[in-house]
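**Student:** Below is one structure. I have some questions about it.
The values are calculated or read from the model by the stated rules, or taken from the named source; none is laboratory data. None of these values were measured; they are calculated from a predicted model. For neighbour counting, all protein chains shown are included, and Cβ atoms are generated from backbone atoms with ideal geometry for every residue, glycine included. SASA here: full protein model, heavy atoms, side chains in, ligands and nucleic acids out. Shrake-Rupley method; radii C 1.70, N 1.55, O 1.52, S 1.80 Å.
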Amino acid sequence: MKTLDQYGFGGILADDMGLGKTLQTIALLEDAYSRGETLPSLIVCPASLVYNWECEIRRFAPKRRVWSLAGSSTARGELLQSVRENPSFCQILITSYDLLKRDISLYQDIRFRFQIIDEAQYIKNAATQSARAVKAVSAQSRFALTGTPVENRLGELWSIFDYLMPGFLYNYPTFKNRYESAIVNDQDKETSDRLRRLVHPFIL
């Protein structure tokens, strides 16, 4: 993850459940902030995991200033305003997909160092509000975590890469014409191999 970040790329951490995706992500963040990073980072996850992320960060990176964006809309707005006025006020923010959709206008003037989305299958459909919201956030580097294989549907793969590195797999009509149709409809192995070589370095 650190190597991809240093070269300006994002990536998908696609280990199975229980193999430490959360801890690897915390290690990435801890390394950045221990080296003096000043921009905050944003973690987006299902609502049921927000406090689990906060607990794990406090456990494994106790020096980090971490806040969960929960509670009332007023409280969330005040916290984001504090970050907007002083980016180093908080190093790691955690929110849910649902709350990000509601609050997305409050993120417009905030630049994040990392944006991490957990359970990335939440944006498998690029047309959903969740997908549009995570893609609207401004971040220097983006990563996606998923314990679910990303090869279920090629449209899902495109949506995650459109979040990670917009344009890397072209826009969706171009991707569908160049890759998806040939692979799904014609079982074109050459096209499938070409796509695999293209995305392989970014699926960890």
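**Student:** Within the stretch 101-122, can one find any residue that is open to solvent by less than 10 Å² (accessible area, probe 1.4 Å), among the aliphatic types (A, V, I, L, M) and in a helix (DSSP H, G or I)?
**Tutor:** yes
**Student:** Looking at the stretch 129-204, what helices (runs of 4 or more DSSP H) fall wholly within it and have at least 3 residues that are exposed (fewer than 14 other Cβ atoms within 10 Å of the Cβ) and out of contact with any helix residue (DSSP H, G or I) (no Cβ under 9 Å at 6 or more places or on another chain)? Break it down stepwise before answering.
**Tutor:** Values: elements: 129-136, 154-164, 172-175, 181-186, 189-199.
In the stretch 129-204, 189-199 are the helices (runs of 4 or more DSSP H) which contain 3 or more residues that are exposed (fewer than 14 other Cβ atoms within 10 Å of the Cβ) and out of contact with any helix residue (DSSP H, G or I) (no Cβ under 9 Å at 6 or more places or on another chain).
**Student:** It is to be established whether one or more residues within the stretch 140-149 are under 30 Å from Gln187 (Cβ atoms) and modelled with pLDDT of 95 or more.
**Tutor:** To start, the set of residues in the stretch 140-149 that are under 30 Å from Gln187 (Cβ atoms) comprises 144, 146-149.
Narrowing further to those that are modelled with pLDDT of 95 or more: 144.
For the stretch 140-149, residues under 30 Å from Gln187 (Cβ atoms) and modelled with pLDDT of 95 or more: present.
**Student:** Hey, any hits in the stretch 76-91 for a residue that's within 23 Å of Lys21 (Cα to Cα) and either open to solvent by 20 Å² or more (accessible area, probe 1.4 Å) or in a helix (DSSP H, G or I) (or both)? Steps first, please.
**Tutor:** Here is the first cut: in the stretch 76-91, the residues within 23 Å of Lys21 (Cα to Cα) are 90-91.
From what's left, either open to solvent by 20 Å² or more (accessible area, probe 1.4 Å) or in a helix (DSSP H, G or I) (or both): none.
No, every residue in the stretch 76-91 fails to be within 23 Å of Lys21 (Cα to Cα) and either open to solvent by 20 Å² or more (accessible area, probe 1.4 Å) or in a helix (DSSP H, G or I) (or both).
**Student:** Same structure, new question: Count, please, the residues in the stretch 20-39 that happen to be more than 14 Å from the chain's Cα centre (by Cα) and in contact (Cβ under 8 Å) with a residue 40 or more places away in the chain.
**Tutor:** Result for the stretch 20-39: 5.
**Student:** Check whether at least one residue in the stretch 11-30 is among the basic types (Lys, Arg) and either more than 25 Å from Ile203 (Cα to Cα) or modelled with pLDDT of 95 or more (or both), and report yes or no. Let's see the steps before the verdict.
**Tutor:** Of all residues in the stretch 11-30, those among the basic types (Lys, Arg) come to 21.
Those left that are additionally either more than 25 Å from Ile203 (Cα to Cα) or modelled with pLDDT of 95 or more (or both): none.
No, there is no match, as no residue in the stretch 11-30 is among the basic types (Lys, Arg) and either more than 25 Å from Ile203 (Cα to Cα) or modelled with pLDDT of 95 or more (or both).
**Student:** Consider only pairs whose beta carbons are under 7 Å apart and that are at least six residues apart or on different chains; among these, list those whose first residue lies in the stretch 165-178 and is over 20 Å from Leu4 (Cβ atoms) and whose second residue is of a type in the set (A, V, I, L, M).
**Tutor:** Hits for this filter: Tyr172/Ala126; Phe175/Leu169.
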